[in-house]
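**Student:** One structure follows; several queries about it will come next.
The values are calculated or read from the model by the stated rules, or taken from the named source; none is laboratory data. Every value quoted in this text rests on a predicted model; they were computed, and no experiment measured them. A quick note on method: Cβ atoms are made from the backbone with ideal geometry, for glycine too, and the neighbour counts reach across all protein chains shown. Note: accessible area is taken over every heavy atom of the protein model, side chains too, but ligands, DNA and RNA are not part of it. Shrake-Rupley method; radii C 1.70, N 1.55, O 1.52, S 1.80 Å.
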Amino acid sequence: LDVIKNVHDRGLTDPNMYDSLMLGIHGMITSCGEYNCYLIGSQVGELKTMKHELVHAEYFTNVAYRTKVLTEINSLNETFHEELSTVLKNLDYHPEVIDDEINAFLVAGDTNYFGNFTKKQNFKALKNQLISLYSEYETKV
């Protein structure tokens with residue numbers, strides 16, 4: 001939730017009642033002591049959304065995983081990385097979460113937003129590599 005709070009504090013472009021609710025729940029939990037927690041909110045039956053949010057959780061809570069994901073993303077051709085980033089910026093994602101979102105979208109299979117990029121070999125290779133990393137590190141629940 002620190003990511004949500006940080007983005008919210010910097011002017012979240014699409015705040016909604018769920019962001020406020022999650023921040024409130026996080027505040028109640030942490031007001032009782034020093035708790036290291038990560039909250040996930042999803043509607044019942046939204047399995048792709050849940051997978052997307054679990055990928056975010058792994059990225060945020062597992063430094064080794066995040067480091068490997070960033071190594072993969074940072075190895076991309078700069079132009080290709082900027083093209084993927086632009087897609088997410090156009091969806092109003094804050095620049096600070098772009099790489100996290102690239103990872104979550106590709107691992108969870110939410111690739112419709114990327115249009116013709118999904119046909120590019122480097123997109124397919126990145127997606128396969130990120131899925132493989134997630135499978136290696138994913139916390140079993």
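**Student:** With touching a residue at least 40 places away in the same chain (Cβ under 8 Å), assigned to a helix (DSSP H, G or I), within 19 Å of ASN112 (Cα to Cα) and not aliphatic (A, V, I, L, M) as the only criterion, which of PHE60, PHE80 stands out?
**Tutor:** After applying the criteria, what remains is PHE80.
**Student:** Of a type in the set (S, T, N, Q), assigned to a helix (DSSP H, G or I) and closer than 20 Å to ASN116 by Cα: which single residue out of THR71, THR67, THR86 fits that description?
**Tutor:** Exactly one of THR71, THR67, THR86 is of a type in the set (S, T, N, Q), assigned to a helix (DSSP H, G or I) and closer than 20 Å to ASN116 by Cα, namely THR86.
**Student:** Give the residues of the stretch 52-75 that are open to solvent by less than 30 Å² (accessible area, probe 1.4 Å) and aliphatic (A, V, I, L, M), sorted by residue number.
**Tutor:** The answer is VAL55, ALA57, VAL69, ILE73.
**Student:** Here's another thing I want to ask about it. Of the residues LEU130, LEU54, only one is modelled with pLDDT under 95, closer than 23 Å to TYR38 by Cα, within 14 Å of the chain's Cα centre (by Cα) and assigned to a helix (DSSP H, G or I); which?
**Tutor:** Testing whether each residue is modelled with pLDDT under 95, closer than 23 Å to TYR38 by Cα, within 14 Å of the chain's Cα centre (by Cα) and assigned to a helix (DSSP H, G or I) leaves just LEU54.
This table checks each residue for (1) β-branched (Val, Ile, Thr); (2) modelled with pLDDT under 80; (3) touching a helix residue (DSSP H, G or I) at 6+ places or on another chain (Cβ under 8 Å).
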{"residue": "MET17", "(1), (2), (3)": "no, yes, no"}
{"residue": "CYS37", "(1), (2), (3)": "no, yes, yes"}
{"residue": "GLN43", "(1), (2), (3)": "no, yes, yes"}
{"residue": "GLU46", "(1), (2), (3)": "no, yes, no"}
{"residue": "THR67", "(1), (2), (3)": "yes, no, no"}
{"residue": "ASN90", "(1), (2), (3)": "no, no, no"}
{"residue": "ASP100", "(1), (2), (3)": "no, no, yes"}
{"residue": "GLY109", "(1), (2), (3)": "no, no, yes"}
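**Student:** Hey, among THR111, THR49, THR79, THR118, which residue is open to solvent by 80 Å² or more (accessible area, probe 1.4 Å) and not aromatic (Phe, Trp, Tyr)?
**Tutor:** Just one listed residue meets the conditions, THR79.
**Student:** Do we have GLU101 as within 21 Å of SER75 (Cα to Cα), among the charged types (D, E, K, R), in contact (Cβ under 8 Å) with a residue 40 or more places away in the chain and assigned to a helix (DSSP H, G or I) here?
**Tutor:** Numbers: within 21 Å of SER75 (Cα to Cα): yes; among the charged types (D, E, K, R): yes; in contact (Cβ under 8 Å) with a residue 40 or more places away in the chain: no; assigned to a helix (DSSP H, G or I): yes.
When the stated conditions are applied, GLU101 does not pass them.
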